[in-house]
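What follows is a single structure, written as structure tokens, with notes after it.
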Amino acid sequence: MSFSNATFGPPDFFLTGFPGLEKSHIWISIPICSMYFVSIAGNCTILFMIWTDQTLHEPMYYFLCMLALSDLGLSSATLPTMLSVLWFNHRWIHFDACLAQMYFIHTFSITESGILLAMAFDRLVAIRNPLRYTSILTNEAVIKIGLGAFLRAAFLVFPASFLLKRMRYQKENILLYSFCLHQDIMKASSSDRRISSIYGLLVMLSSTAVDSLLLVLSYIMILKTVLGVASKEERFKALNTCISHICAILSFYIPMLGLTMIHRYGRSAPHIAYILLANIYLLLPPLMNPIVYSMKTKQIRARIIGKFRKMVRASE
């Protein structure tokens, strides 16, 4: 424990939630819980469809499974404290529990960034080298890529947790949100925050920033390849396989970039802006990914419709 912890005892954190709207927490919980339910049900459906259908046992769908698992992890990491604040008005969280939640939130978030990059590589290989697709992205290669994305995130976030653990805090500290994020915990500290802040920036630059740059380069190469195809129909068909992935990228990176920018440069911004961006950052990707992939991926859409029809026939 840090010096202040030894002096004042283990610190606790107060989860603000939605300040000024405490009387409306039950009503606020309805859309938020609906989003959680849809995201969990949707991602579980994706996993079930791919697991049970042998025709979907391909690298593209394996990466989609990994994306669904990271979305489920992200939802599971935030849901307990969110519900405790909105349903039971239980706002206090112990320091170690807060660090654990922060660790899993950022680990799954960075993992998702790595998987989105892997999915871009998958589309790049499928479009540029379709004849070598299965020989390049073998099952062993897919497993190594997925495991590498997770381990990179896990090892990058751990030192950030250790640095926060060594900082000084008051006995009681106030956080902006209904969950624990690195920037928020760091701001609650009374210690010098420069090392922790610099390391947080390095983690962002070496993970999501590098991933986003490689994503842009991947799609430049994809676009260059597609434009070299003579037939407009073939161009459309090739680009259509990337639409779902592009939507997933936008739903992940835009809220994350907004939250990062407002924490570093938006000191005069109202608190509600921080709260909305943080909730969008954690709720939007797990919600949108299964919806987009179910609607835009023909194979998955066909399997879901087929399963639904079987259920209807069985009930009749």
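At a glance:
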quantity	calculated
Output for the stretch 147-190, where each listed residue is more than 17 Å from G114 (Cα to Cα), part of a helix (DSSP H, G or I) and of a type in the set (A, V, I, L, M)	A160, L163, L164, I185, M186, A188
First in the stretch 11-30 and under 21 Å from M167 (Cα atoms), second anywhere and hydroxyl-bearing (S, T, Y) and outside any helix (DSSP H, G or I), Cβ under 9 Å, 6 or more apart	P11/S2; P11/Y169; F13/Y169; L15/Y177; L15/S178
Hits in the stretch 191-205 (condition: of a type outside the set (S, T, Y), closer than 16 Å to K165 by Cβ, over 20 Å from the mean Cα position of the chain (by Cα) and part of a helix (DSSP H, G or I))	I195
Whichever residue in the stretch 229-248 is farther than 16 Å from K298 by Cβ and among the small types (G, A, S) and, among such residues, is surrounded by the fewest Cβ atoms within 10 Å (Cβ to Cβ)	A230
Of all residues in the stretch 235-272 being of a type in the set (V, I, T), in a helix (DSSP H, G or I) and in contact with a helix residue (DSSP H, G or I) (Cβ under 7 Å, 6 or more places away or on another chain), the one that is modelled with the highest pLDDT	I249
Options L214, L175; residue that is more than 25 Å from A77 (Cα to Cα) and touching a residue at least 12 places away in the same chain (Cβ under 8 Å)	L214
Selection from the stretch 98-132 of residues that are within 30 Å of K171 (Cα to Cα) and in contact (Cβ under 8 Å) with a residue 40 or more places away in the chain	C98, L99, Q101, M102, Y103, I105, H106, T107, F108, S109
Checking L86 against (1) surrounded by 19 or more Cβ atoms within 10 Å (Cβ to Cβ); (2) at pLDDT 90 or above; (3) more than 19 Å from the chain's Cα centre (by Cα), the condition it does not meet	(2)
Failed condition for D211, given (1) closer than 22 Å to T111 by Cα; (2) surrounded by fewer than 16 Cβ atoms within 10 Å (Cβ to Cβ); (3) charged (D, E, K, R)	(2)
The stretch 132-159: number of residues that are within 18 Å of Y61 (Cα to Cα) and either of a type in the set (A, V, I, L, M, F, W, C) or surrounded by fewer than 21 Cβ atoms within 10 Å (Cβ to Cβ) (or both)	18
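The values are calculated or read from the model by the stated rules, or taken from the named source; none is laboratory data. In this text the structure is predicted, and so the values were computed from the model without any measurement. Reconstructed Cβ throughout: ideal geometry from the backbone, glycine too, with neighbour counts over all protein chains shown.
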